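Asker: Sharing a structure below in structure tokens format, with a few things to ask.
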Amino acid sequence: MHFDVATLDGNLCYKLMTSLVVPRPIAWLVTNNGVGGQNAAPFSFFNCFSGNPPVLCIGIGRPVDRRKDSLANIERDREFVVNMVSEELAQAMNLTATDFPPDWNELALAGLETAPSVKISVPRIAASPAAFECRLREIMPVAQDSGNVIVVADVVAIHARDEAIINVERCHVDGSKLGIVGRMQSPGRYTRVHDTFEMRQATFGQWQAANPQVGKPD
Ligand SMILES: Cc1cc2nc3c(=O)[nH]c(=O)nc-3n(C[C@H](O)[C@H](O)[C@H](O)COP(=O)(O)O)c2cc1C
């Protein structure tokens, strides 16, 4: 099946993108709300785009009638925490996706405890299996006629659940101990990541040594 983006309705295009680019990790953003509390909301247009230096990007949409609280808070304070979501935290994460008014503390509503961050003033979600303290690098508009933006941020500190760290010096992580979930087709479908498999990547030299009979393709 072929879909021409030039003639496709915008909502349908969104549906295809979110149904076909799966699974997506979920950035559970915590920001300060400007009146002494915190705001929390999930965003699955999210990934890591550089490991060294560590850089994360998040796509935030703009509903016709309002600017999302997370974006307003990031623009004002230029800092936030990205918390990863485990299966035990999924219901709480989902509650924080509700469009509560900006001064409603969603972490308190969801019964979530916070822990202080090390480098920024925004706290992290204590029970989250991994969290990234972030400082805003830039906000890139996606297009002139849409309010959608891409938030680019530098990670300034990284937290991970103790039992998931196999070797601290080498930063070896046991992913199965994190229990992180991903977003699948909208609305409301998620995945666990228990069913993994292993495959090592070879260099050209290693590949040649293993395949001496194979020459350069025409
Ligand atoms: C799992 C999940 C992923 C989401 N991903 C995004 C996203 O990538 N971009 C976005 O703009 N909204 C996304 N949303 C919707 C926002 O979480 C929702 O609009 C929320 O109310 C924004 O909260 P805020 O106004 O407090 O920032 C997602 C919702 C869920 C449940």
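Asker: Quick one: which of Glu133, Glu88, Glu138 is closer than 15 Å to Trp28 by Cα, open to solvent by 80 Å² or more (accessible area, probe 1.4 Å) and charged (D, E, K, R)?
Answerer: Selected residue: Glu88, the only one of Glu133, Glu88, Glu138 that is closer than 15 Å to Trp28 by Cα, open to solvent by 80 Å² or more (accessible area, probe 1.4 Å) and charged (D, E, K, R).
Asker: Looking only at residues that are of a type outside the set (Gly, Ala, Ser), surrounded by 15 or more Cβ atoms within 10 Å (Cβ to Cβ) and not in a loop (DSSP other than H, G, I, E, B) in segment 19-34, which one is farthest from the ligand (Cβ to nearest atom)?
Answerer: Asn32
Asker: Now a separate question. Quick check on Val118: is it open to solvent by 50 Å² or more (accessible area, probe 1.4 Å), farther than 20 Å from Phe43 by Cα and not hydroxyl-bearing (Ser, Thr, Tyr)?
Answerer: yes
Asker: Out of (1) among the polar types (S, T, N, Q); (2) part of a loop (DSSP other than H, G, I, E, B); (3) touching a residue at least 40 places away in the same chain (Cβ under 8 Å), the odd one out for Thr7 is which?
Answerer: That leaves (3) as the condition not met.
Asker: Could I ask something else about it? Please tell me if Pro102 is touching a helix residue (DSSP H, G or I) at 6+ places or on another chain (Cβ under 7 Å) and open to solvent by 20 Å² or more (accessible area, probe 1.4 Å).
Answerer: Considered against the rule, which asks whether it is touching a helix residue (DSSP H, G or I) at 6+ places or on another chain (Cβ under 7 Å) and open to solvent by 20 Å² or more (accessible area, probe 1.4 Å), Pro102 comes out as yes.
Asker: Output the strands (runs of 3 or more DSSP E) that fall wholly within segment 141-218 and possess 1 or more residues being more than 16 Å from the ligand (Cβ to nearest atom) and closer than 30 Å to Ser121 by Cα, or say none. First the steps, then the outcome.
Answerer: On the way: elements: 149-160, 165-167, 181-183, 190-192.
Passing ranges, in order: 149-160, 165-167.
Asker: Here's another thing I want to ask about it. For segment 35-59, which residues satisfy the criterion of being away from the ligand (no atom under 12 Å from the Cβ) and at pLDDT 95 or above?
Answerer: Cys48, Phe49, Ser50, Gly51, Asn52, Pro53, Pro54, Val55, Leu56 - these are the residues of segment 35-59 that are away from the ligand (no atom under 12 Å from the Cβ) and at pLDDT 95 or above.
Asker: When segment 163-196 is examined, which residues are found to be of a type in the set (Asp, Glu) and touching a helix residue (DSSP H, G or I) at 6+ places or on another chain (Cβ under 9 Å)?
Answerer: First, pick out the residues of segment 163-196 that are of a type in the set (Asp, Glu): 163, 169, 174, 195.
Within segment 163-196, Glu163, Asp174 qualify.
Asker: Related question: Spot the failing condition for Gln38; the list is (1) under 18 Å from Val85 (Cβ atoms); (2) under 17 Å from the mean Cα position of the chain (by Cα), and only one is missed.
Answerer: (2)
Asker: If you check every pair at least six apart or on different chains, which have Cβ atoms under 8 Å apart with a residue in segment 89-108 that is on the phi < 0 side of the Ramachandran plot first and a residue that is open to solvent by 70 Å² or more (accessible area, probe 1.4 Å) second?
Answerer: Ala90/Tyr190; Leu95/Leu109; Thr96/Leu109; Asp99/Arg66; Phe100/Leu109; Asp103/Val35
Asker: Would you mind stating whether Gly10 is over 21 Å from Gly147 (Cα atoms) and either under 16 Å from the mean Cα position of the chain (by Cα) or open to solvent by less than 80 Å² (accessible area, probe 1.4 Å) (or both)? Explain how you work it out, then say what you get.
Answerer: Details: over 21 Å from Gly147 (Cα atoms): no; either under 16 Å from the mean Cα position of the chain (by Cα) or open to solvent by less than 80 Å² (accessible area, probe 1.4 Å) (or both): yes.
No: the conditions fail for Gly10.
Asker: For a quick check of your reading of the model, give me the residue pairs whose first member lies in segment 58-74 and is surrounded by 16 or more Cβ atoms within 10 Å (Cβ to Cβ), whose second is of a type in the set (Ser, Thr, Tyr), with beta-carbon atoms closer than 7 Å and at least 6 apart or on different chains.
Answerer: Ile60/Ser70; Ser70/Thr31; Asn73/Thr31; Ile74/Thr31
Asker: Hey, another quick one. Going residue by residue through segment 10-25, is there one that turns out to be touching a Phe, Trp or Tyr at 6+ places or on another chain (Cβ under 7 Å), within 21 Å of Val118 (Cβ to Cβ) and touching a residue at least 12 places away in the same chain (Cβ under 8 Å)?
Answerer: No - not one qualifying residue is present in segment 10-25.
The values are calculated or read from the model by the stated rules, or taken from the named source; none is laboratory data. Please read all numbers here as calculations on a predicted model, not as lab measurements. Please note: Cβ atoms are built from the backbone with ideal geometry, for glycine as well, and neighbour counts cover all protein chains shown. Note: areas computed on protein heavy atoms with side chains; ligands, DNA, RNA excluded. Shrake-Rupley method; radii C 1.70, N 1.55, O 1.52, S 1.80 Å.
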